[in-house]
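Trainee: Have a look at this one.
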Amino acid sequence: MTSSLAALSLPTESWLSRFHALRRPLLVAHVTPDSDAIGSALGLATAMRERGIDATVGLPAVTVAKKLEFLLELAPDTPRVDAWSTDAGFDGVIILDTAASRRVNLEGFDIVAPGLSLNIDHHITNDGFATDNWIDGDATSTCEMVGRMLTHLGWSISSPVATLLYAGIHGDTAGFSLPSTTPASMQVAADLLAAGADVGLVGEQLCRSQARSDFEILRKVYDNTKLTADGQLAYSFLTHADFLEAGAKAEDIDDQVGVPMALKGVHMALLFTEGHKGTIRINLRGEGDVRVVELAQQFGGGGHAQAAGVKINDRDIHDVIEEVVAAAQTSIKQQT
Ligand SMILES: [Mn+2]
């Protein structure tokens, strides 16, 4: 067992020395934050605060999906800011789970101003935009990387920090059910459980606590699901009117692409959503050997081999669906 875990990626010495020099850092993650983005930023910031480092999280509350609000309640004393300010005197930024600086979830964010920036990310499309970068495309999640790093540093992990990090691993692996799941990720999860992670809370909040609006969204996603490419490609969509009817917001779109993906025989699934009028988000998933990141890149998006995203502005949703589904049909034909 030790041998399979021995080659795991850890931050370099230069990365760590910069990390250890931080006294007043700002931690940020990506737009439309998921449990990995929130869990890693809030979890690491809270762990740093427990060691006397004055860490702040940049995370606008309005961008947090209702089902993820429980994560904020796990660290009520960790300060959060809604917008970037040069007056705050941060001595560096740590950017977590974010493949490009333009995807940072903070109004007015400027990567240059604080001087020092450190990346922690598992997106293979991250090109290393920070001063010093720790990128591990084999990690299930940024929370797995943070958990591994804290153990490596010998920091004690409090129960709320353990729960925050566990939530991100659970989220990015769909409860340890995606093929990205590794022995290493389960080892980190086991360490977090030993540190007091509340598995029942995470499972209940992420999987068994649907708000009525989330339920209505799923009803529409099921209703709008279409099958094509001999049953290998499934897609669904939510128009802006669907959002208004469901009483939902753009931030509530998370893993609903799992609905078309769950159909037997489907190897690729797409979900098109217009949460904000005129802005189309596409969630792409691949199953088996089918990759979707290249398809996402074709339309200006990115992400992981089998889980990717695209954002398209100022287009009609039905035109986008027609164009992207045609490209997806070609892609799946080439891959199967
Ligand atoms: Mn992630």
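Trainee: Along the charge dipole of region 212-335, Cβ charges K/R +1 and D/E -1, which of Q329, G288, A305 sits furthest on the positive end?
Mentor: G288
Trainee: In percent, how large is the relative contact order of the chain, given Cα pairs closer than 8 Å and 6 or more residues apart? Spell out each step's value before the answer.
Mentor: Values: 669 pairs, mean separation 44.8, N = 336.
Worked out over the chain, it gives 13 percent.
Trainee: For a quick check of understanding: with a 1.4 angstrom probe and all protein chains in place, what accessible area in square angstrom does D138 have, to the nearest ten?
Mentor: 130
Trainee: May I ask you to compute the full-extension gain from A21 to A194, defined as 0.36 nm times their residue separation minus their alpha-carbon distance, rounded to one decimal in nm? Before the final figure, lay out the partial values.
Mentor: Working: separation 173, 0.36 × 173 = 62.28 nm, distance 2.90 nm.
That works out to 59.4 nm of additional length.
Trainee: How far, in nm, would the chain grow between D319 and T12 when pulled straight, counting 0.36 nm per residue and subtracting the alpha carbon separation?
Mentor: Gain on stretching D319 to T12: 105.9 nm.
Trainee: What accessible area, in Å² to the nearest ten, does a 1.4 Å probe give for I53?
Mentor: Using a 1.4 Å probe on the heavy atoms, I get roughly 20 Å².
Trainee: If you place +1 on the Cβ of every Lys and Arg and -1 on the Cβ of every Asp and Glu, how big does the dipole about the Cα centre of region 212-335 come out, in debye to the nearest 20? Let's see the in-between values first.
Mentor: Details: 13 positive and 19 negative charges, 33 e Å.
Once rounded to the nearest 20, the dipole reads 160 debye.
Trainee: When ranked by the protection proxy of mean other Cβ atoms within 10 Å per residue, highest first, what sequence do the peptides 91-104, 312-325, 281-294 form? Write out the running numbers ahead of the final one.
Mentor: Numbers: 91-104: 22.4, 312-325: 14.5, 281-294: 20.6.
Highest-to-lowest ranking by the protection proxy: 91-104, 281-294, 312-325.
Trainee: Continuing with the same structure: If I model a spin label at V62 and T336 as a point 7 Å from the Cα along the Cα→Cβ vector, what separation in nanometres do I get?
Mentor: About 4.2 nm separates the two model spin labels.
Trainee: Give, rounded to the nearest 20 debye, the magnitude of the charge dipole that region 14-89 has about its Cα centre when Lys and Arg contribute +1 at Cβ and Asp and Glu contribute -1 at Cβ.
Mentor: On the way: 8 positive and 9 negative charges, 45 e Å.
Value, rounded to 20: 220 debye.
Trainee: Can you work out ³J(HN,Hα) from phi for every residue in region 19-27, in order, using Karplus 6.51 cos²θ - 1.76 cosθ + 1.60 and θ = phi - 60°, giving whole Hz and x for Gly and Pro?
Mentor: 3J(HN,Hα) across region 19-27, in whole Hz: 4, 5, 7, 5, 10, 9, x, 10, 10.
Trainee: Right, something else. Taking the Cα centre as origin and putting +1 on Lys and Arg beta-carbons and -1 on Asp and Glu beta-carbons, what dipole magnitude results for the chain, to the nearest 20 debye?
Mentor: On the way: 25 positive and 43 negative charges, 38 e Å.
Value, rounded to 20: 180 debye.
Trainee: A further question follows. Taking every DSSP beta bridge with both residues inside the chain, roughly what % is antiparallel (nearest 5)?
Mentor: Working: 20 of 44 bridges.
The antiparallel proportion sits near 45 percent.
Trainee: Beyond a 24 Å Cα-Cα separation, which of these cross-linked pairs lie in this structure: K66/K264; K264/K333; K264/K311; K249/K311; K67/K277; K220/K249? Present the calculation step by step, with values, prior to reporting the outcome.
Mentor: Values: K66/K264 30 Å; K264/K333 18 Å; K264/K311 28 Å; K249/K311 16 Å; K67/K277 22 Å; K220/K249 14 Å.
Cα-Cα > 24 Å for K66/K264; K264/K311; rest within.
Trainee: Given springs between every Cα pair under 10 Å in a Gaussian network model of the chain, which of G275, G171, G265 has the largest fluctuation?
Mentor: G265
Trainee: A further question follows. For the full complex of protein chains and a 1.4 angstrom probe, list K264, K277, K249 by accessible area with the highest value first. Don't skip to the answer; put the middle values down first.
Mentor: Working: K264 195, K277 150, K249 65 Å².
Most to least solvent-accessible, the answer reads K264, K277, K249.
Trainee: Kindly list the residues of region 139-154 that lie in the label zone of S177, defined by a backbone N under 19 Å from the point 7 Å along the Cα-to-C-beta vector.
Mentor: 140-141
Trainee: So which residue, out of S40, S141, S180, gets the largest mean-square fluctuation from a GNM of the chain using Cα contacts under 10 Å as springs?
Mentor: Looking only at S40, S141, S180, the biggest GNM fluctuation is shown by S180.
Trainee: Let me ask something additional. Pick from D255, D223, D136: which residue has the top mean-square fluctuation in a GNM of the chain where Cα pairs under 10 Å get a spring?
Mentor: Its mean-square fluctuation being the largest, the pick is D223.
Trainee: Please give the calculated 222 nm ellipticity per residue for the chain, where each DSSP H segment of at least 4 residues contributes -39500 (n - 2.57) and the sum is spread over every residue; nearest 500 deg cm²/dmol?
Mentor: Values: 13 runs with 132 residues, N = 336.
Result for the chain: -11500 deg cm²/dmol, rounded to the nearest 500.
Trainee: Provide the per residue accessible area, probe 1.4 Å, for region 212-335, rounded to a whole number of square angstrom. Can you show the working numbers first?
Mentor: Details: 5810 Å² over 124 residues.
Computed with neighbouring chains in place, this is 47 Å² per residue.
Trainee: For region 8-207, build the charge dipole from Cβ charges (+1 Lys, Arg; -1 Asp, Glu) around the Cα centre, then report which of M145, F129, W15 sits farthest towards its positive end.
Mentor: After comparing all options, I get W15.
Trainee: Something else now. How much accessible area per residue does region 8-207 have, in Å², with a 1.4 Å probe?
Mentor: Working: 7480 Å² over 200 residues.
Value for region 8-207: 37 Å² per residue.
Trainee: Using Cα atoms only, what is the angle between the long axis of helix 183-194 and the major principal axis of the chain, expressed in degrees (0 to 90) to the nearest 10?
Mentor: Taking the Cα atoms of the chain, the angle to 183-194 is about 60 degrees.
The values are calculated or read from the model by the stated rules, or taken from the named source; none is laboratory data. A quick note: this is a predicted structure, and the numbers were derived from the prediction, not measured. Neighbour counts run over all protein chains shown; Cβ positions are idealised from the backbone, glycine included. Please note that ligands, DNA and RNA were not included when accessible areas were found on the heavy atoms of the full protein model with its side chains. Shrake-Rupley method; radii C 1.70, N 1.55, O 1.52, S 1.80 Å.
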